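Report on one structure; see the data block that follows.
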Amino acid sequence: MRYAMLLLLLPVLAVAREALVAPVTPSVRPEPVPVGDAPAAAPHADDWSAYGRSNKATRFAPHDDIRPDNVAALQERWRVALGAPPAELADRWAPRTTPLKIGNDLFLCTATGEVLALDAANGTERWRRQLATAAAVSGDASCRGVAFHESLGADAHGLCRQRLLVSLPDGTLWALDATSGEPCREFGRRGRLQLGTTVPPTVVRGVAVVASDDAVIGLSAVSGRELWRWPEQGAKQGAVQAQTVFSADEALGLVYVPLLQPAQLVALDVTQGEAAWAFTAVHGDVWGYGLAAQATLLDWPAADGGRVPALVLPTVHGELFVLEREHGEPLVPISARPVPAGYGPAGALPPAQPHSALPGPRPPLAQEEDAWGGSLVEQLWCRIQFRRLSYQGRFTPPTEQPWLQTAGALSGVGWGGVSVDQGRGLLVLNYSRLPMRGMLRDGVPVREPWPCLRPPHGGLMAIDIQQGELAWDRALGRGGLPLPFGWRLPWPAQNGTVNQGGVLLTAGGLAFVGATPDNYFRAFDTLTGEERWRVRLPAGGQATPISYRLDGRQYVAIVAGGDYQLPGQVAGRAGHYLLVFALPD
């Protein structure tokens, strides 16, 4: 009788197990998660729960223990070595990692394919998982960070309740139990999907939104099943390319997707995967001005004295567009500014381009006297080259003759995005100004850096949100003269260098930024732009720092690992590290 009962129960047990660990039938309905409950939408005051602290991507922490009057005492509390680049990755080394802090834990990934959980107080390792190999990395050795999701319907016998979603350098997306680091077997194929991206998903209403090949897809954050794909295969929109982290409005159910190609910001309905609206930042882009940074969500002052839910869209050519979130309408005037006539691979180029009335890090028009070099010989060579280049100002069109672009791939606001201190009414951003030399190869425009214009080549800038005016602007980073073996003789003062990374703002009135190739981590007074503190890192801080609180103490953390894309930097020479700073006891 006992065996007969077991035989009868076997099919039931098999079905139950399948329901726990196997992907379910695809559906367009996402997992139901109450609006506002997700940590990425509304982080705990002590935490850093998403890439930009929250899905609003403000990069602002409500912590005020560290202030301009005491930051000089800030000191390193601990560090964790994250590994050195294997030989086959040395020329593609660019960690760019931003950790998360949830509760008592720090979570992060590495450029060598590991995922770690650390005690946020002292760096003690809770668990570490090696999930990717150097041989499997085909692009940059980069891992921007992880996403965190709590499955409200999970139980102790089945699904991972708290999970990390991490896109590793080999293009795999993993779901890991946040407590143990074990793969969540109910997600994808035993915890893994192959998507081809190295940026973390944006989790909105239980949907993990991420780029995959030539589309943007929405996945169930629990099972990994594909809920929707945009654009749909065969759609008129055609293929799209996105390579950065997205931001989102949980209440509206919209995720904001910056596209490299075409240069558009698209607001997608996270429930249906349909475009609610789209804004084109560059028409007929042949300059490489695709969108590289998150949009930052904030409240913008209205004419009646109220506030409007808005977003700021930064660009690599120096524009800052301010749009209403629900419908994409401009809140700061945008004009169609005439540009030089020309032709691209698709025919005649548009006669005008969008121009924002808000000040931004637009490069000034170049003159021959701006030609610059480290010696008189270099200056003379640069002047000769300037005369040989076609240059008609902004948006100089491609020609058979090589041309000058004063804004290039390492210009304007890069993947670090912008940060907002809503209380002080300031938008703060770091930016670069590295001109590019363009040429045609087989009829296709290609570009290469042309560092022949005088510094500053990078800076830190603050915009007054209420007035719509520049609050302050200063050089960021100290360059130098090249020496043998990749070393440089530094200039005696900051002259402004190309930089990559983001700015951390705090309620204490400080702006923390690494980003520069001189390997310094700096703190500035948010109101004045005055430098108040700096420390030398073991490698370049090309990442966005974070702030968190634990047991009544404020900590500031940054991953230092360098970035092969920055001129003058030998990335990965010292490996990469997580460094954590705090005031003394």
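General observations
- Cβ pairs under 7 Å, 6+ apart, first in region 106-124 and over 30 Å from Ser138 (Cα atoms) and in contact (Cβ under 8 Å) with a residue 12 or more places away in the chain, second open to solvent by 10 Å² or more (accessible area, probe 1.4 Å) and aliphatic (A, V, I, L, M): Ala120/Leu550; Ala121/Leu550; Gly123/Val80
- Note on region 549-562: among residues that are buried (at least 24 other Cβ atoms within 10 Å of the Cβ) and more than 21 Å from Ala72 (Cβ to Cβ), the one that is nearest to the chain's Cα centre (by Cα) is Val559.
- Residue in region 385-406 that is open to solvent by 20 Å² or more (accessible area, probe 1.4 Å), polar (S, T, N, Q), modelled with pLDDT under 90 and more than 33 Å from the chain's Cα centre (by Cα) present: no
- Each residue in region 126-140 was checked for being among the aliphatic types (A, V, I, L, M), open to solvent by 80 Å² or more (accessible area, probe 1.4 Å) and modelled with pLDDT of 85 or more, and 0 of them qualify.
- Residue, modelled with the lowest pLDDT, within region 432-445, restricted to residues that are assigned to a strand (DSSP E or B) and within 24 Å of the chain's Cα centre (by Cα): Met436
- Count of residues meeting criterion [part of a loop (DSSP other than H, G, I, E, B), closer than 19 Å to Gln405 by Cβ and free of Cβ contacts under 8 Å to residues at least 60 places away in the same chain] in region 356-376: 4
- Restricted to strands (runs of 3 or more DSSP E) entirely inside region 195-237, no element has at least 2 residues that are in contact with a Lys or Arg (Cβ under 6 Å, 6 or more places away or on another chain) and touching a residue at least 40 places away in the same chain (Cβ under 8 Å).
- Filter result for Gly123 (over 26 Å from Ala248 (Cα atoms), at pLDDT below 95 and not in a helix (DSSP H, G or I)): no
- Any pair with Cβ under 7 angstrom, 6 or more apart, that starts in region 397-425 at a residue that is at positive phi and ends at one that is open to solvent by 20 Å² or more (accessible area, probe 1.4 Å) and outside any loop (DSSP other than H, G, I, E, B): Gly425/Asp464
- Residue selected from region 142-156 under the condition at pLDDT below 90 and touching a Leu at 6+ places or on another chain (Cβ under 8 Å), by the criterion most open to solvent (accessible area, probe 1.4 Å): Gly153
- Any hit, region 284-291, residues being without any contact (Cβ under 8 Å) to a residue 60 or more places away in the chain, buried (at least 17 other Cβ atoms within 10 Å of the Cβ) and not small (Gly, Ala, Ser): yes
- Some residue of region 569-578 being more than 23 Å from Glu114 (Cα to Cα) and modelled with pLDDT of 95 or more: no
- Count of region 269-283 residues which are more than 30 Å from Gly501 (Cβ to Cβ) and open to solvent by 30 Å² or more (accessible area, probe 1.4 Å): 6
Listed here are the residues, each with its yes/no results for (1) assigned to a strand (DSSP E or B); (2) touching a Cys at 6+ places or on another chain (Cβ under 6 Å).
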residue	(1), (2)
Leu108	yes, no
Ala147	yes, no
Arg163	yes, yes
Gly181	no, no
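- Test result for Thr198, within 24 Å of Pro39 (Cα to Cα), open to solvent by 10 Å² or more (accessible area, probe 1.4 Å), at pLDDT below 95 and not basic (Lys, Arg): yes
- Every residue from region 266-286 that is outside any strand (DSSP E or B) and within 21 Å of the chain's Cα centre (by Cα): Val270, Ala281, Val282
- Leu265 being open to solvent by less than 20 Å² (accessible area, probe 1.4 Å), under 26 Å from Gly145 (Cα atoms) and either of a type in the set (S, T, N, Q) or out of contact with any helix residue (DSSP H, G or I) (no Cβ under 6 Å at 6 or more places or on another chain) (or both): yes
- Among the residues here, Gln353 qualifies as part of a strand (DSSP E or B), of a type outside the set (Phe, Trp, Tyr) and surrounded by 15 or more Cβ atoms within 10 Å (Cβ to Cβ).
- Condition check for Arg424: modelled with pLDDT of 95 or more and within 30 Å of Phe60 (Cβ to Cβ): yes
- When Thr528 is tested against (1) in a loop (DSSP other than H, G, I, E, B); (2) farther than 28 Å from Leu426 by Cβ; (3) of a type outside the set (A, V, I, L, M); (4) open to solvent by 20 Å² or more (accessible area, probe 1.4 Å), exactly one condition is not met: (2).
- Within the option set Ala239, Ala215, Ala211, being hydrophobic (A, V, I, L, M, F, W, C) and open to solvent by 40 Å² or more (accessible area, probe 1.4 Å) holds for one residue only, Ala239.
- Test: residue in region 87-100 that is at pLDDT 50 or above, open to solvent by less than 40 Å² (accessible area, probe 1.4 Å) and in contact with a helix residue (DSSP H, G or I) (Cβ under 9 Å, 6 or more places away or on another chain): yes
- Residue check, Ala523 at positive phi, open to solvent by less than 10 Å² (accessible area, probe 1.4 Å) and out of contact with any His (no Cβ under 9 Å at 6 or more places or on another chain): no
- Top-ranked residue in region 421-478 [being surrounded by fewer than 21 Cβ atoms within 10 Å (Cβ to Cβ) and acidic (Asp, Glu); ranked as nearest to Ala346 (Cα to Cα)]: Asp442
The values are calculated or read from the model by the stated rules, or taken from the named source; none is laboratory data. Everything numeric here is computed off the predicted structure, so don't read it as measured data. All Cβ positions, even for glycine, are placed from backbone atoms using ideal geometry, and neighbour counts span all protein chains on display. Remember, those area values only see protein heavy atoms, side chains included, never the ligands or the DNA or RNA. Shrake-Rupley method; radii C 1.70, N 1.55, O 1.52, S 1.80 Å.
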